[in-house]
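A short worksheet on the structure shown next.
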Amino acid sequence: MTKEIRIVKYDTELRVEAYHFQGIMQKFPNHFHEYYVLGFIEEGNRFLSCKNRKYTVVPGDLVLFNPGDNHTCEQVDGKTLDYRCINIQPEVMAKAVLEITGKEKLPYFTTTVVFRSEFSSQIKELHSIIMEEERDFRKEELFLLLLEQLMAEHTAEVPSAKLEQSSQVMTVCSFLERNYRESITLDQLSDIAGLSKYYLLRSFTKQMGISPYRYLETIRVDKAKKLLEQGVLPIDAALQTGFSDQSHFSNFFKKFIGLTPKQYQGIYKTQL
């Protein structure tokens, strides 16, 4: 049986995370991140659903996720997955874009999967430099040139999907983002939106590509990540983000992130 490898490193100079998952079979549920993801497949075929579109990604393919892009993935051939990615927070992306273009605008990737991408080798090189903790300026040079090329070929200024979200759905999103620590009922969300529970579920899921409860789970996990990065103990991070106990929190965290809370916190300990 192939041994699983799950390694994550945080680069303090670029301020990005680099993930390396090798030999994994984990299915990731429908979720989203509040950061950009540049990822590529090294081995194994993967079924990917993103923003209600379906893809089969294979070695050499590049995946691009914007903040808020809902996606789910799983193996389709019974074989393990080797995957690498670089996660970029919006504020880091904004600084890089300003450097490249002179404009203070966040990019929006219009392409989710770039098949047989010529950029995969460049991302792999940048990923390896981060993993090996190199400190020369080749790393930043590659990072900026790669973003420049990706933006030139695969971005637009206005995400049209965002324009289709109704005021009711946006009100519910705002409520969940403000009250994620609390116990929330579907009746509350229905009252806030002024819609029946069933119509709210149907409208929210259609517009956001993710159910209200899964949206709430994703917010909680993302907030917990930030607490763990600051050195907050996993049990305290769980209670501060609305999880009932540490076991419940750990299960959800690994299901969404691919690491346990303790493993994730470990990559930031040297920075605390």
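The values are calculated or read from the model by the stated rules, or taken from the named source; none is laboratory data. Everything quoted here is computed from the prediction, not taken from an experiment. Counting neighbours? That spans all protein chains shown, and the Cβs are built from the backbone with ideal geometry, glycine included. Surface areas here come from the heavy atoms of the whole protein model, side chains and all, with no ligands, DNA or RNA. Shrake-Rupley method; radii C 1.70, N 1.55, O 1.52, S 1.80 Å.
Looking at the range 24-40 only, could you name the residues that are surrounded by 15 or more Cβ atoms within 10 Å (Cβ to Cβ) and over 16 Å from the mean Cα position of the chain (by Cα)?
24, the sole residue that qualifies.
Restricting attention to the range 148-156, does a residue exist that is assigned to a loop (DSSP other than H, G, I, E, B), at negative phi and free of Cβ contacts under 8 Å to residues at least 40 places away in the same chain?
no
Could you tell me how many of the residues in the range 55-108 are in a loop (DSSP other than H, G, I, E, B) and either acidic (Asp, Glu) or out of contact with any Ser or Thr (no Cβ under 8 Å at 6 or more places or on another chain) (or both)?
Residues meeting the conditions: 17.
Kindly indicate which of 79, 103, 124 is free of Cβ contacts under 8 Å to residues at least 12 places away in the same chain and not β-branched (Val, Ile, Thr). Outline the logic, then answer.
Working: 79 fails: free of Cβ contacts under 8 Å to residues at least 12 places away in the same chain; 124 fails: free of Cβ contacts under 8 Å to residues at least 12 places away in the same chain.
Unique residue meeting the criteria: 103.
So if I check each of 97, 76, 113, which one is surrounded by 12 or more Cβ atoms within 10 Å (Cβ to Cβ), more than 28 Å from residue 56 (Cα to Cα) and among the hydrophobic types (A, V, I, L, M, F, W, C)? Quick ask: steps written out before the conclusion?
Details: 76 fails: more than 28 Å from residue 56 (Cα to Cα); 113 fails: more than 28 Å from residue 56 (Cα to Cα).
Among 97, 76, 113, only 97 is surrounded by 12 or more Cβ atoms within 10 Å (Cβ to Cβ), more than 28 Å from residue 56 (Cα to Cα) and among the hydrophobic types (A, V, I, L, M, F, W, C).
Mind listing just one residue for me: the one in the range 179-191 that is within 21 Å of residue 241 (Cβ to Cβ) and out of contact with any Lys or Arg (no Cβ under 7 Å at 6 or more places or on another chain) and, of those, surrounded by the most Cβ atoms within 10 Å (Cβ to Cβ)?
For the range 179-191, the residue satisfying everything is 189.
For residue 170, work out the one condition from (1) of a type in the set (A, V, I, L, M); (2) open to solvent by less than 70 Å² (accessible area, probe 1.4 Å); (3) under 25 Å from the mean Cα position of the chain (by Cα) it doesn't fulfil.
Tallying (1) of a type in the set (A, V, I, L, M); (2) open to solvent by less than 70 Å² (accessible area, probe 1.4 Å); (3) under 25 Å from the mean Cα position of the chain (by Cα), residue 170 fails exactly one: (2).
Kindly indicate which of 231, 242 is in a loop (DSSP other than H, G, I, E, B) and open to solvent by 30 Å² or more (accessible area, probe 1.4 Å).
Numbers: 242 fails: open to solvent by 30 Å² or more (accessible area, probe 1.4 Å).
Every option except 231 fails the conditions.
Determine which single condition residue 197 fails, assuming it passes every other condition in (1) exposed (fewer than 11 other Cβ atoms within 10 Å of the Cβ); (2) among the charged types (D, E, K, R); (3) at pLDDT below 90.
(1)
Here is a yes/no grid of residues against (1) surrounded by 14 or more Cβ atoms within 10 Å (Cβ to Cβ); (2) closer than 20 Å to residue 20 by Cα; (3) not hydroxyl-bearing (Ser, Thr, Tyr):
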{"site": "59", "(1), (2), (3)": "yes, yes, yes"}
{"site": "62", "(1), (2), (3)": "yes, yes, yes"}
{"site": "81", "(1), (2), (3)": "yes, yes, yes"}
{"site": "84", "(1), (2), (3)": "yes, yes, yes"}
{"site": "123", "(1), (2), (3)": "yes, yes, yes"}
{"site": "127", "(1), (2), (3)": "yes, yes, yes"}
{"site": "131", "(1), (2), (3)": "yes, yes, yes"}
{"site": "134", "(1), (2), (3)": "no, yes, yes"}
{"site": "151", "(1), (2), (3)": "yes, no, yes"}
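Search the range 210-228 for residues being touching a Phe, Trp or Tyr at 6+ places or on another chain (Cβ under 8 Å) and more than 19 Å from residue 259 (Cα to Cα), and hand back the single one that is surrounded by the fewest Cβ atoms within 10 Å (Cβ to Cβ).
211
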